[in-house]
Amino acid sequence: MPILRMKFGMKLSTTFVSNLIMMLTSIHSLTRWAVLFFGLWTLFNAVRGVVSKKGYDKPDNLSNLFFMISCDIQLLIGIIIYVSNGWFEKLTGGMGPVMKDTYSRFFAVEHAFTMILAWILVHVGRTAVKKASSHKKHKAMLLYFGLALLLILISIPWPFREVIGKALFPSF
């Protein structure tokens, strides 16, 4: 059985590493639902606040805080998967072959870039909401978190997307 040598003399079998990557990919797929739930909750609160002109309250703050935290967790897992699956090596080996292959292009470039952009929007949005005057907080929520959620929805490999589609729920 092939063995991978890691720093500090650790030895890991390739079977263990591939099982770990599969497990992380499953967790990444499952936590998308938390991101979507908290994103929709935040968007609902923003729309409700803009329409009703109600003040920004604790549930509004909690919804976008949980949205941000779930995005942070998702990004961390995604980066581990990205590096472990060899997407980074494929890019450093040359962009030509990656860009010609739909599957590789989506996961190595499009998915990664768009999700990082959404993550940035969530963090910028959280700061903008905190700094906005009380009557503009819901509008800031709607703008930043709405754009972030749109990017997230576009970048998920939904089952109906040819070549890149993944199952709605991972099989264990």
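Quick notes
- Qualifying positions in the stretch 120-172 - among the aliphatic types (A, V, I, L, M), assigned to a helix (DSSP H, G or I) and under 16 Å from PHE106 (Cβ atoms): LEU151, ILE152, LEU153, ILE154
- Odd one out for THR25 among (1) free of Cβ contacts under 8 Å to residues at least 40 places away in the same chain; (2) buried (at least 18 other Cβ atoms within 10 Å of the Cβ); (3) hydroxyl-bearing (Ser, Thr, Tyr): (1)
- Only listed residue being touching a residue at least 24 places away in the same chain (Cβ under 8 Å) and loosely packed, with under 15 Cβ neighbours inside 10 Å, chosen from SER52, SER134, SER70, SER63: SER134
Every number here is computed from the coordinates shown, using simple stated rules; none is lab data. Since this is a predicted model, take the numbers as computed values, not measurements. All Cβ positions, even for glycine, are placed from backbone atoms using ideal geometry, and neighbour counts span all protein chains on display.
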